[in-house]
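The values are calculated or read from the model by the stated rules, or taken from the named source; none is laboratory data. Here the structure is a predicted model, which means the values were calculated and not measured. In this analysis, Cβ positions are derived from the backbone assuming ideal geometry, glycine residues included, and neighbour counts consider all displayed protein chains. Accessible surface areas use protein heavy atoms only, side chains included; no ligands, DNA or RNA. Shrake-Rupley method; radii C 1.70, N 1.55, O 1.52, S 1.80 Å.
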Amino acid sequence: MAKGYYISKNMATAAMVLGAIALLTIIALSIVYNREKSKNAAKLMNVTTSMLAPTPTSNELWDKYRLPDTLAPQHYNVTLWPHLVMDANGMYVFTGNSSVMFTCLKKTDLILIHSNKLNLTLFNGRHAKLMGLDGVTAPAIKTTWFQTETHYLVIKLNGNLKPGKSYWLYTEFRGELADDLEGFYRSEYMEDGRKKIIAITQMQATYARKAFPCFDEPAMKAVFHITLIHDPETIALSNGQEIKKENLNIDGITVTRTTFEPTKKMSTYLVAFVVSDFTYINTKDKKGVLVRIWARKKAIEEGQGNYALSITQPILEFFEKYYNTSYPLSKSDQIALPDFKSGAMENWGLVTYRETALLYDAHMSANGNKQRIVTVVSHELAHMWFGNLVTLKWWNDLWLNEGFASYVEYLGADHAEPTWNIVRFKDQIILYDLQRAFAVDSLTTSHPLSRKEEEVNTPSEISEMFNTISYSKGAAVLRMLSEFLTEHVFAKGLSNYLKHFAFGSSVYSDLWDHLQKAADQTSGVKLPRTVHDIMNRWILQMGLPVVTIDTRNGNVSQKHFLLDSQAVVERKSEFKSNILYASQAIHEPMKVSKGEWVLANLHASGYFRVNYDLENWERLLSQLESNHQIIPVVNRAQLLDDAFNVARASIINITLALRTTKYLLHEREYIPWQAALRNLNYFFQLFDRSEVYGAMQAYVKKQVKPLFKHFGTLTSNWTMVPSGHTDQFTQIIALSLACGTGVEGCRDLTKSWFRRWMQNPHTNTIHPNLRSTVYCIAIAEGGAEEWDFGWKMLQNATVAAEAVKLRSALACTQVPWLLNRYLEYTLYPEKIRKQDATSTIGYIASNVIGQPLAWDFVRANWDYIFKLKRFQKDNAETGFGSGTQALQQAIEKTTAKIKWLAENKEPVLRWFISESS
Ligand code: BES
Ligand code: ZN
């Protein structure tokens with residue numbers, strides 16, 4: 001299905017622009033899975049369950065994943081030396097030593113400290129040395145060993161540590177500087193024909209223990225004194241500013257020792273260090289805070305860091321105001337790394353990024369890439385306060401940390417790019433968070449936002465917390481909360497909360513307390529119930545309500561919305577009382593007189609879907625067709641998305657949902673088009689092998705023609721880009737959908753652009769915004785010559801944003817052997833970087849011809865892809881991680897789809913046929 005695929009390609013790129021990173025492997029699996037479900041479901045399920053971490057049965061403290069409350073770390077002195085050349089065994093290693101000063105809180109003869117995969121030097125047969133402070137004599141160490149399952153270095157003492165007294169624990173160690181994207185790791189890249197190696201860290205959530213022995217829990221905050229030893233040609237960075245640099249001679253080699261200012265009191269998962277030969281650009285903000293952007297020399301020379309530098313200050317200033325708290329550190333470094341597992345990481349004072357999330361090239365990057373950068377930077381900088389200054393006590397509350405940053409990232413970005421605000425830039429949250437959360441939260445396999453502390457223990461359980469529910473539902477319910485409290489009250493409560501818990505940790509209800517106080521102190525804010533009461537309904541039960549409004553009698557009712565209405569829900573959601581909030585957002589009374597319509601959930605600020613009686617639906621449809629602009633942009637998008645999903649749940653007729661797309665003939669706004677595209681795309685994928693496909697193509701072609709014409713005129717026949725920020729996104733939709741459905745002139749136009757580039761590879765005249773779409777069309781329509789050209793350009797690409805466009809477009813080919821060869825390339829990190837392997841398989845799997853090929857490939861290489869899993873958010877040890885949930889979701893979605901298809905195929909076919917003529 002070349003045609004539908006153009007759309008999904010673009011969609012995929014656009015969808016990745018914002019929000020939490022998708023589990024692309026699983027997306028790939030879920031797509032492929034649709035076809036193969038019956039044959040292979042059992043097999044996949046086995047993999048899932050067998051990979052769950054075992055629960056320890058022993059009662060010994062070292063068999064428990066959580067640290068006992070006997071000791072509290074205060075300071076660490078950590079010295080690390082990453083060796084960036086291979087040793088005699090062909091390995092890359094780092095060496096180091098660390099002492100941690102801790103205070104004893106409760107009498108104990110046992111020290112448990114996290115240490116994973118570290119090789120500790122022995123002192124008198126022990127792994128560590130212990131000293132008492134202030135004249136206290138430390139008990140002798142009896143025995144030491146590693147408890148590998150729980151990642152502890154266990155130290156048994158001959159006597160007790162005394163409450164109130166402090167001790168130093170000293171260790172020396174060596175670890176592998178692997179290319180596994182976790183803990184202290186190495187990354188390799190080519191520059192000027194030479195291989196370069198850098199050492200970097202990724203500690204969240206449980207990898208600091210791979211770099212040095214530490215009390216690796218977020219509430220165990222301490223001050224870190226960090227020293228790095230490195231080649232004099234390289235630069236060392238860490239959370240604090242470098243305060244001393246001296247050259248030493250160790251074993252006949254000259255090295256540099258860089259000492260950093262002590263950090264503030266902080267969690268281990270936010271520690272970071274980098275050794276590289278990168279360079280930087282910088283500015284100082286008004287208060288003297290040093291702001292630097294670091295990257296490969298070439299990238300900085302080409303100005304790729306300039307955009308990030310220009311937005312960092314406004315974003316920091318915005319958050320200082322919003323939180324009413326100064327930036328807590330003396331500097332802010334942000335660094336772009338060639339190999340990075342997630343999109344970005346909020347290490348305090350040294351934020352790490354994937355190159356595409358920080359580097360912008362004026363000639364190569366699209367508007368979407370720019371938006372991605374400003375939102376990711378905003379997200380990570382938001383964490384400098386929310387998450388870093390005040391940290392959630394345990395990972396069960398991760399949703400609040402990530403959901404919060406995912407909400408306020410829009411506010412910070414909006415401030416940095418005020419001219420993008422023409423059609424409320426911030427409203428894109430409904431596409432990238434609200435609707436995205438709805439999609440998984442309407443399955444029985446969903447789960448409540450909030451988990452009990454006891455439910456989250458193992459690294460695997462912690463890793464599962466980084467999911468769409470935490471990020472996107474978290475963002476959506478906080479936006480709802482902020483809107484009903486008013487932004488002013490929300491920000492006031494927030495700033496009191498930050499002040500109260502600064503340098504410490506909290507639980508979610510602490511935030512509710514402070515918001516409640518702020519509401520109580522503000523006149524004019526009257527809540528129907530307490531913040532606790534209102535919010536707990538949204539965070540303690542899973543799912544979302546569908547609110548049904550009957551305008552004939554004014555009845556408003558609600559129930560748990562499930563895509564598969566017959567599915568059995570094990571975690572029951574009552575949804576009795578969310579209506580309290582729902583009805584607030586709706587403005588009663590709901591009874592209307594003839595001709596009037598009711599529209600609920602203004603600006604989609606509530607976390608629920610809305611359904612109406614048929615007459616009201618009819619009135620809304622005719623309003624859309626006669627003058628759609630009366631209905632706010634966001635609600636146009638939401639009406640569409642609600643109608644399609646309520647129909648997928650068999651609550652209303654599918655033809656009613658399809659009719660919401662008729663008015664698109666007149667629609668010129670991005671958010672409704674994008675919502676429509678997603679829902680239509682779902683249909684394209686559902687029907688891509690049936691006769692419905694042709695009829696649907698014809699209908700969508702008819703609907704998109706005016707949009708295609710509109711942009712042709714607006715851009716003087718595609719020679720310019722529209723000036724409006726989101727209009728530039730709509731232009732891409734117009735092009736991809738028009739070419740995908742065969743609107744006359746579209747494919748010839750795009751193919752001619754690509755051909756021109758092939759003839760003159762040094763001058764690419766295709767506008768960066770349109771490149772993803774144009775490359776994909778040309779490669780899909782072409783053969784090996786086009787593919788090989790694209791591959792060559794990918795090898796030559798020095799801008800990460802350009803590389804992604806090519807890498808995704810190469811998956812558009814319709815030639816099976818090219819797709820198979822491309823799949824093979826994902827096994828070779830020198831061809832496709834590890835960080836990019838799963839997304840590449842995902843791209844191929846969303847091509848109808850690639851689906852079965854990707855499926856066979858994934859099965860054949862299961863071990864490489866899932867056991868090594870070096871490029872995923874979870875590692876082999878943490879089991880399937882968030883993959884477990886994603887897989888369950890895929891299975892449930894597929895089951896619902898099969899049932900629905902059987903009942904709806906005929907009416908859908910008839911509708912498309914009647915509407916496309
Ligand atoms: N803290 C996360 C990074 C992270 C994710 C670490 C998963 C460990 C596991 C960071 O703040 C984040 O959320 N990054 C996002 C990008 C953001 C703009 C949504 C990411 O990496 O996808
Ligand atoms: Zn985050």
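Data for the structure
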item	result
Rounded FRET efficiency, nearest 0.05, which uses the C-beta distance separating residue 916 from residue 626 and R0 of 25 Å	0.70
Region 378-393 - phi-based ³J(HN,Hα) in whole Hz, Karplus 6.51/-1.76/1.60, Gly and Pro as x	4, 4, 5, 5, 4, 5, 4, 9, 7, x, 9, 5, 10, 10, 5, 4
Per-residue SASA entry for residue 220, accessible area with 1.4 Å probe, Å² rounded to 10	30
Shape call, the chain: gyration tensor on alpha carbons, a/c limit 1.5	prolate
Under-5 Å amide H pairs with residue 123, H placed in peptide plane, nonlocal only	128
Size of electric dipole in region 435-511: Cβ of Lys, Arg +1 and of Asp, Glu -1, about Cα centre, debye, nearest 20	280
Gain on full stretching of the segment that runs from residue 246 to residue 66 - 0.36 nm per residue minus C-alpha separation	60.8 nm
Pair residue 863, residue 784: separation of 7 Å Cα→Cβ label points (nm)	3.2
For residue 235, residues with placed amide H under 5 Å, excluding near neighbours	276, 277, 278
Residue-wise HN-Hα coupling along region 439-452, computed from phi with Karplus coefficients 6.51, -1.76, 1.60 (Hz; x: Gly, Pro)	4, 8, 7, 9, 9, 5, 7, 6, 8, x, 4, 8, 10, 6
Positive dipole terminus of the chain, leading residue within 651, 158, 96 (C-beta point charges)	651
Within region 746-772, backbone nitrogen closer than 20 Å to the virtual label 7 Å beyond the Cα of residue 720 toward Cβ	765-771
Point-to-point label distance, residue 828-residue 488, nm (Cα→Cβ direction, 7 Å offset)	6.4
Two-site label geometry, residue 820 and residue 283: point separation in nm, points 7 Å out along Cα→Cβ	5.4
Helix 746-759 vs. the chain, principal-axis angle (Cα, 0 to 90°, nearest 10)	40
Cysteines not pairable in the chain (beta carbon separation under 4.7 Å absent)	104, 214
Net charge of Cβ neighbours under 14 Å - reference residue 673; Lys, Arg +1; Asp, Glu -1	0
Sequence-distant lysines (8 or more away, or on other chains) whose Cα lies within less than 24 Å of residue 702	3, 9, 662, 751, 905
Area accessible to solvent at residue 793, 1.4 Å probe radius, in Å²	20
Proximal aspartates and glutamates to residue 162, defined as alpha-carbon separation beneath 16 angstrom and excluding residues fewer than eight positions away on the same chain	69, 109, 134
Karplus 3J(HN,Hα) series, Hz, for region 474-489 with 6.51 cos²θ - 1.76 cosθ + 1.60 (x for Gly, Pro)	x, 4, 5, 6, 6, 4, 4, 4, 4, 6, 7, 7, 5, 4, 4, 5
Magnitude of the charge dipole, the chain, Cβ model with Lys/Arg +1 and Asp/Glu -1, debye to 20	440
Test item: Cα-centred dipole of region 395-543, Lys/Arg +1 and Asp/Glu -1 on Cβ, debye	440
Contour minus Cα-Cα distance for residue 682 and residue 219 (0.36 nm per residue)	162.4 nm
Principal-axis tilt of helix 670-687 within the chain, Cα atoms, nearest 10 degrees	80
Net length gained if the chain between residue 326 and residue 500 were fully extended (0.36 nm per residue, minus Cα distance)	61.2 nm
Computed [θ] at 222 nm, deg cm²/dmol, the chain (DSSP H ≥ 4; -39,500 (n - 2.57); rounded to nearest 500)	-13500 deg cm²/dmol
Percent antiparallel among DSSP beta bridges (both partners in the chain, rounded to 5)	80
Exposure of residue 329 as accessible area (Å², to 10), given a probe of 1.4 Å and all protein chains	30
Helix axis angle, 614-627 relative to the chain longest principal axis, alpha carbon, degrees	90
For residue 114, distant residues with modelled amide H under 5 Å away	153, 214, 215, 216
Whole-percent carbon and sulfur share, accessible surface of the chain, 1.4 Å	51
